[in-house]
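To start, the structure under review is shown below, and the notes come after it.
Computed from the coordinates by the stated procedures, all read-outs in this text should not be read as laboratory data. For clarity, every value in this text was computed on a predicted model and none was experimentally measured. Methodologically, a virtual Cβ is constructed for each residue, glycine included, from the backbone with ideal geometry; neighbour enumeration extends over all protein chains shown.
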Amino acid sequence: MEADFDSSATAVVVSVIIANYNCASYISDAIYSALNQSLRAIEVIVADDMSTDDSVARVKLIAEQDSRLRLIEGVRNGGPAAARNHALAVARGKWIAVLDSDDLLHPERLQYLIDAAEHDDVDIVADDLLYFEDSRAGSVRTLLQGKWSKAPFAVEIDDYIKSNSLFGRGPVLGYLKPIFRADLFADPSHRYNENLRIGEDFDLMLRMLANGARLHVYPELFYFYRRRTTSISHRLTEETISALKAADAQFRTDYPALTPSTVTALDRRLATIKRAQAFDQLVGALGRFSPLDMCSAIASMPSCILLLKFPIAARLRRLVASRAKETALGKDEDNIAFVSRQRIVGRTNGSSVYALSVVETLKAAGYRVHFVCPSPSLFGSWPFLRISDAMNIFETISIRGGVRVGKFIFAIDPRVGLRALLVFLQTALLRLKVLRNPIIQKAPYSIAVPLTRRDKLYLAQRLPSRADQLLFDYAFLTLTRPYALRPDASALVLMHDLFSIRALQFERLGQSDSVTQLDITTEMGLLGQADAVIAIQQQEADVVASYLTPGRVITAPMAADCVNEPSVGEDDRLLFVGSKAAPNVDAMHWFLSEVWPQIILLRPNACFDIVGNVCSALVDIPAAATLHGLVDDLTPFYRRAGVVVSPLRAGSGLKIKLIEALGFGKACVVTSATCLGVEQMILGAVKISDTADSMARDVAALLADRKDRSQLAAAALNIARATFGREKTYSSIVEFYKTRVK
């Protein structure tokens with residue numbers, strides 16, 4: 001792990017300033033979200049505004065652990081503007097970032113925005129705000145919507161003023177939490193107005209823009225804005241509104257040479273401030289039930305009555321949030337959100353079997369596990385998913401872009417159905433040899449596609465109420481952890497495969513992986529986003545442990561569901577079970593072209609059952625081989641098979657179908673790649689053959705000899721029971737969640 005940045009020895013890139021007043025409930029999470037930035041060369045300055053709770057003690061405790069955190073204690077309660085000015089006076093960074101004491105930062109935020117600012121040579125940068133409610137069941141939304149959320153944009157002074165009308169339409173850009181070049185604060189006028197309790201951010205930015213500063217906004221969801229109350233009307237008192245009007249007048253005095261368009265924009269903003277003042281008077285009159293004062297307020301600004309929709313909407317939000325909290329999904333700490341982009345509909349492939357097996361164990365331990373998929377890419381080229389009974393272990397199933405009807409989940413986007421039709425027609429034309437090469441390429445492997453803005457927003461909407469704990473399916477999803485908006489939630493990641501190793505294996509075969517290309521540094525960075533990594537076999541666990549801090553790797557091989565007795569199966573019947581993942585497709589191409597012909601020479605009556613989605617990737621199948629595709633129950637196939645083969649030449653992880661075959665008590669012939677990481681654990685339980693000649697001889701010999709098959713099958717079942725029992729393999733996962741409760 002990277003050591004903490006020593007701010008005393010190296011230049012500080014960013015100073016993160018936090019004004020705090022009685023925010024003990026949230027200050028620690030805010031500070032940690034700043035300290036845990038990928039950009040390490042930072043300092044965090046907490047300026048306390050005479051808090052009366054224990055927030056100062058909490059800050060001091062964290063400061064003892066990380067020298068990058070400093071505390072400034074005020075001598076009077078001057079408001080957030082005064083506290084920020086105190087922090088600015090001692091800040092040493094080249095850039096200044098503002099963080100409210102109850103908000104959170106995405107770990108990549110500072111690095112991303114600083115890089116963008118330096119690339120575009122601008123003075124002030126900001127990102128989008130993701131609003132979330134304290135209730136965990138409230139609404140989640142963004143500040144920027146529509147055209148504002150599509151691409152980066154520059155903000156000129158007139159547009160900035162227009163966007164900051166009180167109770168106006170469109171995004172209020174004054175809510176942005178900008179990052180400033182520290183040089184801007186060399187100008188004495190660039191300070192927070194300490195007379196303002198609200199609107200101080202707008203006033204500061206306005207002065208900087210008037211002096212020629214350049215502001216760019218990048219609509220990334222990197223700042224998480226906590227809504228601790230559901231109405232802003234209580235903040236617009238006569239005192240705060242008068243302060244806003246005074247600040248507006250002072251700005252006009254300080255900048256007499258404003259353009260006519262800027263003056264017009266300021267006049268329109270002033271009109272909205274006056275309307276807010278009339279609205280405050282109306283609300284006060286309603287509270288006192290004074291008809292005369294109500295009429296007076298409405299007469300002074302008739303349009304103020306329209307603003308009543310805001311407190312009414314706020315009251316409704318409170319009611320909805322309250323009822324949602326009453327019908328929470330489960331008691332504290334017993335919900336686990338399983339975040340996945342796998343096409344998990346049942347036990348259809350090795351990685352699905354493994355994931356469902358882990359979830360079954362967690363359910364048995366008393367957890368309510370929720371399946372959450374943030375991306376419609378899960379559908380691939382199919383317009384629907386058929387959910388098997390195996391998915392009933394999930395408390396809820398949520399897939400973005402899908403609607404459930406009984407056992408089916410249909411894609412909402414009609415383009416998915418159209419693509420499915422075109423792919424079907426293309427497949428038919430390819431088989432008829434009308435087409436030589438495919439025109440429509442296969443849909444990308446969903447587990448590794450880049451996350452979109454809508455994916456992240458979907459997670460922020462679904463996870464807070466489901467994620468007392470987190471379980472990520474593959475390393476690619478650990479980057480979504482911040483969007484759970486649950487700093488209190490611990491997170492595990494099911495690694496499945498070490499993709500940086502897979503890439504090298506495929507390279508040696510002159511092929512490329514079907515998923516993605518990852519170097520070891522990038523992969524370890526992804527895995528490191530979780531609190532601990534679940535490795536499926538010891539060899540990969542050792543690799544990960546050499547990169548991460550001690551205690552952050554759990555080795556949990558696939559658990560075997562064992563039959564009562566070993567099965568010798570039928571003479572001359574061979575079985576392979578697999579998905580259409582690249583390692584399986586390569587294995588079948590090699591086996592059918594180089595191994596199977598030799599087996600037929602030795603055992604002319606041999607037959608070969610191929611089961612699973614791998615069948616859809618195979619053509620020109622020999623007469624003695626049968627493609628069965630995806631089946632609901634594998635038991636009959638395993639029972640009849642005399643020998644099970646796994647001729648993989650690439651791929652990391654633990655080969656799930658190997659453990660499955662051991663649990664069925666079958667004689668197996670496998671390659672070294674298949675038993676990678678468990679070689680010593682399965683000694684004597686399988687035949688290992690790595691060349692076409694040796695594999696053909698071993699398979700043919702077992703097909704002919706029931707006694708040898710019986711002995712190997714019995715050894716396989718004994719190993720499965722002794723080494724891959726469910727309690728033994730998954731106990732560390734359950735223990736992690738039990739002991740990480742905060």
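A few comments on the model shown:
- Cα convex hull of the chain - mean projected area over all directions, nm²: 37.2
- Put a dot 7 Å past the Cα of ILE439, heading toward its Cβ, do the same for PHE424, and the two dots end up 1.8 nm apart.
- Separation of the stretch 522-561 from the stretch 375-430 is 31 Å, based on Cα centroids.
- Working note: 222 nm ellipticity from helices only, DSSP H runs with n ≥ 4, each -39,500 (n - 2.57), summed and divided by the residues of the chain, gives -11500 deg cm²/dmol to the nearest 500.
- Farthest toward positive dipole pole in the chain [+1 Lys/Arg, -1 Asp/Glu at C-beta], among ALA30, ILE393, VAL217: ILE393
- Based on the Stokes-Einstein relation at 37 °C and a viscosity of 0.692 mPa s, and on the Kirkwood radius from alpha carbon pairs, the stretch 14-229 is assigned a translational diffusion coefficient of 188 µm²/s.
- For VAL44, distant residues with modelled amide H under 5 Å away: VAL16, LEU69, ARG70
- Kirkwood estimate for the stretch 573-724, i.e. one over the average of 1/r between Cα atoms, Å: 15.1
- With both labels modelled 7 Å from their Cα along Cα-to-Cβ, the CYS295 to ASN77 distance reads 3.9 nm.
- Two-site FRET efficiency, GLU194 against VAL403, from Cβ-Cβ distance with R₀ of 60 Å, rounded to 0.05: 0.70
- FRET efficiency for the ASP183 to THR396 pair, using the beta carbon distance and R₀ = 56 Å, is estimated at 0.65.
- Electrostatic dipole magnitude of the stretch 573-724 [Cβ: Lys, Arg +1; Asp, Glu -1; Cα centre; debye, to 20]: 420
- Going from the fewest other Cβ atoms within 10 Å to the most, the residues ASP134, ASP203, ASP542 appear in the order ASP542, ASP134, ASP203.
- Dipole moment magnitude, nearest 20 debye, the stretch 14-229 about Cα centre, only Lys, Arg, Asp, Glu C-beta charged: 240
- Between the stretch 170-188 and the stretch 83-148, the alpha-carbon center distance in angstrom: 10
- Here the gap between LYS707 and ALA249, fully extended at 0.36 nm per residue and compared with their Cα-Cα distance, gives a gain of 155.1 nm.
- Cβ crowding within 10 Å, taken as a proxy for footprinting-reagent exposure, orders MET208, MET681 from fewest neighbours to most as MET681, MET208.
- The GluC sites (Glu not before Pro) of the stretch 66-121 include none that meets both criteria, a DSSP state outside H, G, I, E and B (loop) and at most 14 other C-beta atoms within 10 angstrom of the site's C-beta.
- Loop-located trypsin sites (Lys or Arg not before Pro) in the stretch 113-184 (DSSP state other than H, G, I, E, B) with a sparse environment of at most 11 neighbouring Cβ atoms within 10 Å: LYS150, ARG169.
- Shape index of the stretch 348-409: Rg/Rh, with Rg the Cα radius of gyration and Rh the Kirkwood radius from the inverse mean 1/r over Cα pairs, equals 0.96.
- Pairwise Cα distances in the stretch 335-555 exceed 23 Å for 51 percent of all pairs.
- Each residue in HIS106, HIS216 was given a count of other beta-carbon atoms within 10 angstrom of its own, and listing them fewest first yields HIS216, HIS106.
- Net lengthening on full extension, VAL631/SER25 (0.36 nm per residue, minus Cα-Cα): 212.9 nm
- In nm, spacing of pseudo-spin labels at SER694 and ALA722 (7 Å Cα→C-beta vector): 2.4
- Theoretical gain in end-to-end length, GLU565 to ALA89 [0.36 nm per residue, Cα-Cα removed]: 163.7 nm
- Rounded to 0.05, the FRET efficiency of the ASP53 and HIS119 pair, given R0 = 56 Å and the Cβ-Cβ distance, is 0.85.
- Pairs from the table (LYS456/LYS728; LYS150/LYS580; LYS456/LYS655; LYS657/LYS707) lying more than 27 angstrom apart at Cα are LYS456/LYS728; LYS150/LYS580; LYS456/LYS655.
- For the chain, the Cβ-based charge dipole about the Cα centre amounts to some 2300 debye (Lys, Arg positive; Asp, Glu negative; other atoms uncharged).
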